[in-house]
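Beneath this line is the structure, given in C-alpha cells, with notes to follow.
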Amino acid sequence: MKTEVISTVRMEDAGTTLGAELIKNGELVAFPTETVYGLGANGMDGEAVDRIFEAKGRPNDNPLILHIAKKNDVTKIWAHTPKLAKTLMDTFWPGPLTMIFNKADEVPYEVTAGLETVAIRMPADKTARLLIQKSGVPIAAPSANRSGRPSPTTAEHVLADMDGRIPLILDGGPCRYGVESTVLSLVGEPTILRPGAITREMLEAVIGPVRLAPSILNPLGEREVAASPGMKYKHYAPDADVHVVEGEPKPAAKRIRALYYDYEAEGRTVAILGTEQTMASYRNLNAYCLGDREDPESLCANLFRLLRDVGAHCDVILAEGVDTKETGLAFMNRLLRAAGFSRETV
Ligand code: TXA
Ligand code: MG
C-alpha cells in the first residue's frame, strides 16, 4: 500500500475531505492532534477498528479512545452521565483530557477491548475536529506509532512507523503538547490513569480530590491491570537504552557526566538529555536540551522527538529526571516508562 502525506497546513479542506472518505470506507487515517498524532478509524465499525491493532501491532486487550467533534456527540456513546462530567467537559473540552465512562451498547467491543467502559476525548486541534465532523462518526484513535515506540509528534515520525501500512497521513506540523492526553476515569472515584497536560492540580481546582493510579510513577502492580490495560505494556521505547538520573540540577549533571565517561570507556555511544539549567555542564559532550525545568510543558513538548531522533544514533541515553508537580508528572511518567524504570536519585 502506498502512503500519501497531505499537508493540512496548506490543504486542510482537501486533506480532511479525502481523510473522511477513507474513514467512511473503513480505512485508516493518521491525523494531527494537539497532543500526539492519532491513527484513526471509524469508531462504530469493529472491523475498521481491528485494522488499527493490525497496523500498530497493538495487543488487542488495550482499549482505544473515541474522538468526537462536539460535546453533544457523547450522548451516543456513553451510557449515563456522571455529574462531574458536564463541569469537566465545559472546563477542559476541547482539549487534552480523555474521560472514561460506562459505554453505550452501540460502541463496539473492539474499541473498548471487551470492557464495559469507554474513553472519550474532544481534541482541540482544528484539523482533527474537521476530520471527525466530515466523517460523521466518532473516530477511534490510539497514538500513530508502532506499538511500544515513542508516540509521534510529527508526520515524519508517523511515516517512519507506518509507511506502507496506511493509505493517508494528514500533516499538520509538530504537535503542541507532545505527550498524550490526561486519562481520567469517572467510573468510581475520579482517578487519573495517565497524566497529561490537564494536570491533577487543574482538575482538583474544579472537582475536588482526584486520585492518581499508583502505576503512574511505578511499574504496574498485578491488581491494577484491569483499571488501565495500556500501562502494562512496554512503552515509548527508543532504539537506545535509557537511564534516568533524578535530583537537583548540579549533582544530577555531575553524576550524568561520570556515567557518560564510564559508558564511553566501555565503547558505547552515549547521548545526554539535559535541561536549560544544566546544559553548560555538558559542554563538548553529545548533549541535547529537553527544555526548562521551571516549565515542564517545554520538557513534554520535546521528549518523544528527542527519544526518537537521538535514540536512533546512540546506544545509551542518560536523561535528567525532574519534579513531578504539574506537567512534570506527565513528563516523568513517559520518561520512566521509556527507561523501563532504570533510574537513580542523587
Ligand atoms: O492524546 C491522546 O490521548 C492520543 C491522541 C491521538 O488523542 N491518543 C492516545 O491513545 O494516546 P492511546 O491508545 O495511545 O492511549 C489510550 C490510553 C491507553 O493507555 C488505554 O489503555 C487507555 O487510554 N484506555 C482507553 N480506554 C480505556 C478504558 N475504557 N478504561 C481504561 N483505560 C482506557
Ligand atoms: Mg499510545
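Below, the figures for the structure above:
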read-out	value
Unmet criterion (only one of (1) open to solvent by 10 Å² or more (accessible area, probe 1.4 Å); (2) under 17 Å from the mean Cα position of the chain (by Cα)) for His80	(2)
Helices (runs of 4 or more DSSP H) lying entirely in segment 11-96 (those with 3 or more residues that are of a type outside the set (Val, Ile, Thr) and within 13 Å of ligand 1 (Cβ to nearest atom))	46-56
Filtered residue count, segment 1-10, keeping only those that are assigned to a loop (DSSP other than H, G, I, E, B), of a type in the set (A, V, I, L, M) and touching a strand residue (DSSP E or B) at 6+ places or on another chain (Cβ under 8 Å)	1
Per-region count, segment 98-124, residues touching a strand residue (DSSP E or B) at 6+ places or on another chain (Cβ under 6 Å) and part of a helix (DSSP H, G or I)	2
Scan of segment 117-164 for residues that are surrounded by fewer than 20 Cβ atoms within 10 Å (Cβ to Cβ) and within 16 Å of ligand 2 (Cβ to nearest atom), ordered by number	Arg146, Ser147, Gly148, Ala160
Condition check for Ala205: more than 12 Å from ligand 1 (Cβ to nearest atom) and of a type in the set (Gly, Ala, Ser)	yes
Residue that is least open to solvent (accessible area, probe 1.4 Å) [pool: residues in segment 321-346 that are under 14 Å from Leu220 (Cα atoms) and basic (Lys, Arg)]	Arg334
Residue under evaluation Ala113, criteria (1) among the hydrophobic types (A, V, I, L, M, F, W, C); (2) over 26 Å from Lys24 (Cβ atoms); (3) within 11 Å of ligand 1 (Cβ to nearest atom), criterion not met	(2)
Where a residue in segment 239-259 is at positive phi and its partner, wherever it lies, is at pLDDT 95 or above, with Cβ under 6 Å and at least six apart	Gly247/Thr345; Gly247/Val346
Single residue of segment 32-55 satisfying the filter (among the hydrophobic types (A, V, I, L, M, F, W, C) and out of contact with any Pro (no Cβ under 9 Å at 6 or more places or on another chain)) that is surrounded by the fewest Cβ atoms within 10 Å (Cβ to Cβ)	Ala55
Any chance Asn102 is open to solvent by 40 Å² or more (accessible area, probe 1.4 Å), in contact with a Phe, Trp or Tyr (Cβ under 6 Å, 6 or more places away or on another chain) and farther than 20 Å from Thr199 by Cβ	no
Criterion (hydrophobic (A, V, I, L, M, F, W, C), under 18 Å from the mean Cα position of the chain (by Cα) and either open to solvent by 40 Å² or more (accessible area, probe 1.4 Å) or modelled with pLDDT of 85 or more (or both)) met by exactly one of Ile207, Ile216	Ile216
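Here is a yes/no grid of residues against (1) in contact with a helix residue (DSSP H, G or I) (Cβ under 8 Å, 6 or more places away or on another chain); (2) within 30 Å of Ile65 (Cα to Cα); (3) surrounded by fewer than 19 Cβ atoms within 10 Å (Cβ to Cβ):
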site: Lys254; (1), (2), (3): yes, no, yes
site: Met279; (1), (2), (3): no, no, yes
site: Cys300; (1), (2), (3): yes, yes, no
site: Arg305; (1), (2), (3): yes, yes, no
site: Val310; (1), (2), (3): no, yes, no
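The values are calculated or read from the model by the stated rules, or taken from the named source; none is laboratory data. Computed from a predicted model, the values in this text were never measured in an experiment. Cβ sites come from the backbone with ideal geometry, for glycine too, and all protein chains shown count toward neighbours. Keep in mind that these areas ignore ligands, DNA and RNA; they rest on the heavy atoms of the full protein, side chains included. Shrake-Rupley method; radii C 1.70, N 1.55, O 1.52, S 1.80 Å.
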